[in-house]
1. Out of the residues in the range 297-350 that are without any contact (Cβ under 8 Å) to a residue 12 or more places away in the chain and small (G, A, S), which is nearest to F116 (Cα to Cα)?
2. Can you tell me which of T276, T334 is at pLDDT 70 or above, of a type in the set (S, T, N, Q) and assigned to a helix (DSSP H, G or I)?
3. Identify, from the list I111, I83, I128, the residue that is surrounded by 14 or more Cβ atoms within 10 Å (Cβ to Cβ), in contact with a helix residue (DSSP H, G or I) (Cβ under 7 Å, 6 or more places away or on another chain), over 25 Å from F214 (Cβ atoms) and not small (G, A, S).
4. So which of S295, S320, S307 is at pLDDT below 75 and small (G, A, S)?
5. Do you know which residues across the range 198-213 are free of Cβ contacts under 8 Å to residues at least 12 places away in the same chain and either in contact with a Pro (Cβ under 9 Å, 6 or more places away or on another chain) or closer than 13 Å to L278 by Cβ (or both)?
6. All but one of (1) in contact with a strand residue (DSSP E or B) (Cβ under 7 Å, 6 or more places away or on another chain); (2) closer than 25 Å to K330 by Cβ; (3) among the β-branched types (V, I, T) hold for V78, so report the exception by its number.
7. Taking the range 26-58 on its own, how many of its residues are in contact (Cβ under 8 Å) with a residue 24 or more places away in the chain and among the acidic types (D, E)?
8. In this structure, does G71 turn out to be modelled with pLDDT under 90, open to solvent by less than 30 Å² (accessible area, probe 1.4 Å), over 30 Å from D304 (Cβ atoms) and not hydrophobic (A, V, I, L, M, F, W, C)?
Amino acid sequence: MFNKMSRSKQIEFLKLWSSLKGSNGSDKSVLEILRDDFEKVYGDCLESKFCERALSELSNWAGGFPKSMEGSFDDDLVLLVKITKNAENVELSLNKLLAQTDSWFTLKLNIFISLFSNGFFVLFSLAILILLSTKGVEFGAEGLKPEQITGVAAFLQSFGVFIENYKWLLLFLGLAIPIVLLLTAFYYVGEHRNTLDKKLPFFGFYSANLSSKFFTLLDVMVMSGMSMRSALEDMQKTELVNRYISVHIDEMLYRLKERTSLKGDDSYEDFNTLDTGLLPERLRLRLKIMSKSGSKQSQSAIMDTISKSLIKDYGDQLLSKVKIIGRMTKMGSTAVVVFSLIGIFDLMFLKINNLQVM
């Protein structure tokens, strides 16, 4: 296993590679230039080591530059290089894909950080609540009569009993539900998938991420001279997409086949075939416009707009919702802990009063 560069260094390396590749340089010459420059500036760094290993592989085997990247670069970046390597403008195509994938990566990282910090706070508050409702109430209510335990203290006592009785079931559900939701988001492609994407925000974020990547890939492939059919078939063959998008591509290819047989023209392709439920209603209008445009530049601009709109509509909005809900959850958790402490203090004062009376 080779040492991997950080994500930012991988992207920076590929930007340098694409700028040199744009000058019609061979893989060997580009890597030799990069190796020498990195050694001069940074010495024996990960970038220069990768160049040396890639040059060794290229001289012994015809796997190509993308194959030599495996193990040293993230999988999605390897795929981006695979499809842009033969593009008419390698630098422009790769930079477009890098910008798109980096935007989603940054969004996912920010959402994960927000979820982790808020989730940790909620779990910490829940742990305090459970401790107060079990051990805290048990200690505070010692020596008191049942009728003396009222209000918040009574609620805490009931909650503690519930936790004690169903702790293993609650633990199982707490682990099982997130796992089931994740597996459903990754693998479920049935008739209710679109409903889940609309109702559950993280499902919508996942599907928007994949859809944005799909339209960006399609944009680059079509602009590099590939036909719509060839681009879709290539995505399937080279496993550039996962099962969720693959099902939609199957439907698109089927529609292309049906339209071709109806028209009797092998070259006939209609961008309406892309309307398989990947996009919300507002962006579906873009596909309708694209189907009427005969210009590849115009079609490319529309696909680029679709990808950026998905990032803004789903990614940025979800991040804002996560932050707002996180703040509200923190406030709610804090309030619950404060009221629980008040309930315990009431029990303690009541206990002290009883001892004074005795």
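The values are calculated or read from the model by the stated rules, or taken from the named source; none is laboratory data. Keep in mind it's a predicted model, so treat the numbers as computed, not measured. All Cβ positions, glycine included, derive from the backbone under ideal geometry; neighbour counts span all protein chains shown. Areas reflect the complete protein model, heavy atoms only, side chains present, ligands, DNA and RNA absent. Shrake-Rupley method; radii C 1.70, N 1.55, O 1.52, S 1.80 Å.
1. Once the filter is applied, the top-ranked residue is S320.
2. Details: T276 fails: assigned to a helix (DSSP H, G or I).
Testing whether each residue is at pLDDT 70 or above, of a type in the set (S, T, N, Q) and assigned to a helix (DSSP H, G or I) leaves just T334.
3. Numbers: I111 fails: over 25 Å from F214 (Cβ atoms); I83 fails: over 25 Å from F214 (Cβ atoms).
The conditions single out I128.
4. Details: S320 fails: at pLDDT below 75; S307 fails: at pLDDT below 75.
Criteria check complete, one pass: S295.
5. Here is the first cut: in the range 198-213, the residues free of Cβ contacts under 8 Å to residues at least 12 places away in the same chain are 198-199.
Listed by number, the list holds a single entry, K198.
6. (2)
7. Result for the range 26-58: 2.
8. Numbers: modelled with pLDDT under 90: yes; open to solvent by less than 30 Å² (accessible area, probe 1.4 Å): yes; over 30 Å from D304 (Cβ atoms): yes; not hydrophobic (A, V, I, L, M, F, W, C): yes.
Answer is yes for this residue.
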